[in-house]
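Let me begin by presenting the structure, written as C-alpha cells, before commenting on it.
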Amino acid sequence: MTAMNLTVALTGASGAVFGRELLRALEADERVGRVHFVASENSLRVLAEELGLKGRNDLLEKLLAAAPKKTVQHTDADIGAAIASGSYPSNGMIVLPCSMGTLAAIANGLANGLIARAADVTLKERRPLLLCVRETPFNRIHLRNMTLATEAGAVIFPVIPAFYNKPTDSEQMARQFVCRVLAHIGLPQPGAYVWKADE
Ligand SMILES: Cc1cc2nc3c(=O)[nH]c(=O)nc-3n(C[C@H](O)[C@H](O)[C@H](O)COP(=O)(O)O)c2cc1C
C-alpha cells in the first residue's frame, strides 16, 4: 500500500485540542507518509486561548510535543504550495476545527488563501474533504453553506464528540472523535472505542 498523503487545516473555531490530537495521530500512523499542515491566521488566537500556544514559531513542534517526522507546515498566504495544485497527488483534506468563515469560503469557492484553495482543489479532484465544523447555534447562512459544501462533495463532520465511551477529559474526547474522522477516510485506529450492544 502506498503511504497516504493528507492535508490538515486548523482554523479559528473553538476546539484546538481536536486539531492537535489529529496531527498527533497522523504523525504516529505508519500508513501516512506526508501531512501538509496549514493553520489559519485566526486559529493562532484560538490556539493561544485554548492551548496556551503563542505565535507561529515552532507551532508544529509544540502541537506534536516532538520534532515532526512527516508533517510540513505552510502559511495560509502561501498559495503557491504544492497542495494548491490538483496535479499534486493527495488522498484528501481534513479541516479540524472548521470555522463558519472558512466553511463559507470553501462552500462558495473563494479559494482566497491556501486553506480555501486546497479545499477547492480537493473538491474539483473529487478527493475526500472533511469539514469538522464547530459553532452553536447555527444560523441559516451556516446551514446553507453546509448544504452547498455537501452538494459539492464535502462531508460535514461536525465536532460533536461521543459520550458513550465515558471520556474523563477533553483529550480523551478529542482522541475518540479523531478516531471517527480517520476511520472515515480509511485509517481505522487501534484502540478506537467501538460500541457493542449486549448480545
Ligand atoms: C476563542 C475564540 C473562539 C471562537 N470559536 C469559534 C467557533 O467555534 N466557530 C466559529 O465559526 N468561529 C469561532 N470564532 C471566530 C473565528 O475565529 C473568526 O470568525 C475568524 O474570522 C475565523 O477565521 P478563519 O476561518 O480564517 O480561521 C472564535 C474566535 C475566538 C477568538
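The values are calculated or read from the model by the stated rules, or taken from the named source; none is laboratory data. Small disclaimer: the values here were computed from a predicted structure and weren't measured. All Cβ positions, even for glycine, are placed from backbone atoms using ideal geometry, and neighbour counts span all protein chains on display. Each accessible area value is taken on the protein alone, full model and side chains, heavy atoms only, with ligands, DNA and RNA left out. Shrake-Rupley method; radii C 1.70, N 1.55, O 1.52, S 1.80 Å.
For residue 119, which of the numbered conditions (1) over 18 Å from residue 5 (Cα atoms); (2) within 15 Å of the ligand (Cβ to nearest atom); (3) touching a residue at least 12 places away in the same chain (Cβ under 8 Å) fails to hold?
The number of the failed condition is (1).
Please find, within segment 79-106, the residue that is nearest to residue 8 (Cα to Cα) out of those that are open to solvent by 20 Å² or more (accessible area, probe 1.4 Å) and of a type outside the set (Ser, Thr, Tyr).
91
So residue 76 clears everything in (1) within 22 Å of residue 142 (Cβ to Cβ); (2) in contact (Cβ under 8 Å) with a residue 60 or more places away in the chain; (3) open to solvent by 30 Å² or more (accessible area, probe 1.4 Å) except one condition, right? Which one?
So the condition that residue 76 fails would be (2).
Hey, can you tell me all the residues within segment 112-132 that are of a type in the set (D, E, K, R), open to solvent by 80 Å² or more (accessible area, probe 1.4 Å) and part of a loop (DSSP other than H, G, I, E, B)?
The answer is 126, and nothing else.
Give 121, 159, 194, 181 a once-over and let me know the one that is β-branched (Val, Ile, Thr) and modelled with pLDDT under 95.
Of the residues listed, the single one that is β-branched (Val, Ile, Thr) and modelled with pLDDT under 95 is 194.
With the requirement that a residue be within 16 Å of the ligand (Cβ to nearest atom), open to solvent by 10 Å² or more (accessible area, probe 1.4 Å) and outside any helix (DSSP H, G or I), what does segment 16-39 give you?
Listed by number, the list is empty, since nothing qualifies.
If you take the residues of segment 133-151 that are surrounded by 17 or more Cβ atoms within 10 Å (Cβ to Cβ) and of a type in the set (A, V, I, L, M), which of them is farthest from the ligand (Cβ to nearest atom)?
149
Which condition breaks for residue 97 when tested against (1) in contact (Cβ under 8 Å) with a residue 60 or more places away in the chain; (2) under 15 Å from residue 174 (Cβ atoms); (3) more than 9 Å from the ligand (Cβ to nearest atom)?
Checking residue 97 against (1) in contact (Cβ under 8 Å) with a residue 60 or more places away in the chain; (2) under 15 Å from residue 174 (Cβ atoms); (3) more than 9 Å from the ligand (Cβ to nearest atom), the one that fails is (3).
With the structure loaded, tell me whether residue 45 is within 16 Å of the ligand (Cβ to nearest atom), open to solvent by 40 Å² or more (accessible area, probe 1.4 Å) and assigned to a loop (DSSP other than H, G, I, E, B) or whether it fails that test.
In short, no.
If you go through segment 54-73, how many residues are surrounded by fewer than 18 Cβ atoms within 10 Å (Cβ to Cβ), in contact with a helix residue (DSSP H, G or I) (Cβ under 9 Å, 6 or more places away or on another chain) and assigned to a helix (DSSP H, G or I)?
Number of matching residues: 1.
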